[in-house]
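So the structure is just underneath, and the comments pick up after that.
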Amino acid sequence: MGRALSLALFVSLSVACGEVEYSNGSSDSGGCGTAGPAAAPDGATGAAIGPTDAGPPLSLYERLGKRRGLEFIAKALLDTKVLAESDLKTFFFNQKAIPVPAGHPSLVQIEVCLGRFVGAAIHEDSYPGEPVNDPNNTQTPNHTCRSMSEAHREAFAKLNIGGANFDKFVGAFASILGPLVTLTATKPEEITQAELDALVAALSGQKDDVITDGAPSSGPYVPPPSDADVDAGVDVD
Ligand code: HEM
C-alpha cells in the first residue's frame, strides 16, 4: 500500500504489555497477546496526525486508517482481547499448532481477512479478495479468506461456537473501538457512536453463520459430537 501508512495509523499496540494505546491519549488494557508476526503498520509511531485543514471530510474508512488500519484493529482485537480471554482463546487451537494444519489460516492471515471483512462491511473493500500470503504458515502460505460459515461452522472448521462466546467476541470488538468515539468524528482515529453501532450491528448480523446449534453457549472449545455419534443417536451430553 503506497506511502508509509496512509494517515497515521491510528493505534499503537504494545504487544508486550497487552495495552492498546491510542494517539488521542486514551488507552485500553487487555492481557498479553500471543499473536504472530504481523508488524505494526509501516511508520506507525502512535503519533497523531491532525485534521486536514481543507478538503472533503474524511470517510469512516479513512478515519480508521483504511486497509492497514483495519488490519491493525483486527490485530489489536485478537492480541489484547480474544487471545487474552480464557474461553475465546481456546478456539484458536489450529493457530497454536506447529505447523498450523493445512487449510487453516495463521493468526496473521486471520487478521488480514478480518480487517478486509470489516472494510467490506462499510463497502470500502471486497471480501474474500486476493489470497492472503503468510510464508510462515508453511502448509497454507496463500490462504483465501472463507465465508463466515465456512470459517467457523461448516465441516472443515467445526469450531462449535456458542451464542455467549459470539457475543463476547463482538463485545471485544466494540471495546477496541470504544475509546475512539467522539461526537462529530472528523479526524483520523475518531468514530461516532452511530458508526460504531453500525459496525457492531454488521458483526452481530453474522451470528447465525458463526455459531453452531447445540454448541455450549459459553466456556472453552469442546469438539462437536461426531457425525457418527449423531447418526447412531449416541447421547453426547
Ligand atoms: C462476527 C464475528 C466474527 C467475525 C467477523 C469473524 C471473522 C473471522 C475471519 C475473517 C476469519 C478468517 C477467515 C478464514 O479463516 O478463512 C476467522 C477465522 C476464525 N475465527 Fe472468527 N470471526 C467472528 C467470530 C468468531 C468467534 C466468536 C470465534 C471464537 C469463539 C472465532 C474464532 C475463529 C477461529 C478459531 C478462526 C480460524 C479458524 C480455522 O482455524 O480454520 N471467530 N474469523
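I'd like the residue in region 124-159 that is hydroxyl-bearing (Ser, Thr, Tyr) and more than 24 Å from residue 215 (Cβ to Cβ) and, out of all such residues, is farthest from the ligand (Cβ to nearest atom).
138
Applying the selection to region 103-123, what residues are in a helix (DSSP H, G or I) and either free of Cβ contacts under 8 Å to residues at least 12 places away in the same chain or near the ligand (Cβ under 8 Å from one of its atoms) (or both)?
109, 110, 113, 114, 116, 117, 118, 120
Examine region 66-85 for a residue that is away from the ligand (no atom under 12 Å from the Cβ), touching a residue at least 60 places away in the same chain (Cβ under 8 Å), part of a loop (DSSP other than H, G, I, E, B) and within 25 Å of residue 120 (Cα to Cα), and state whether such a residue exists.
no
When you scan region 90-102, how many residues do you find that are assigned to a helix (DSSP H, G or I) and near the ligand (Cβ under 9 Å from one of its atoms)?
6
If I filter region 201-215 down to residues being in a helix (DSSP H, G or I) and within 19 Å of residue 162 (Cβ to Cβ), which single residue comes out as farthest from the ligand (Cβ to nearest atom)?
The extreme case among them is 208.
A quick yes/no check of all residues on (1) surrounded by fewer than 16 Cβ atoms within 10 Å (Cβ to Cβ); (2) in a helix (DSSP H, G or I):
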| site | (1), (2) |
| --- | --- |
| 151 | no, yes |
| 154 | yes, no |
| 157 | no, no |
| 160 | no, no |
| 166 | no, yes |
| 175 | yes, yes |
| 194 | yes, yes |
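Since every read-out is calculated from the coordinates, none of them should be taken as a lab result. The model shown is predicted, which means the values in this text are computed figures rather than measured ones. Please note: Cβ atoms are built from the backbone with ideal geometry, for glycine as well, and neighbour counts cover all protein chains shown.
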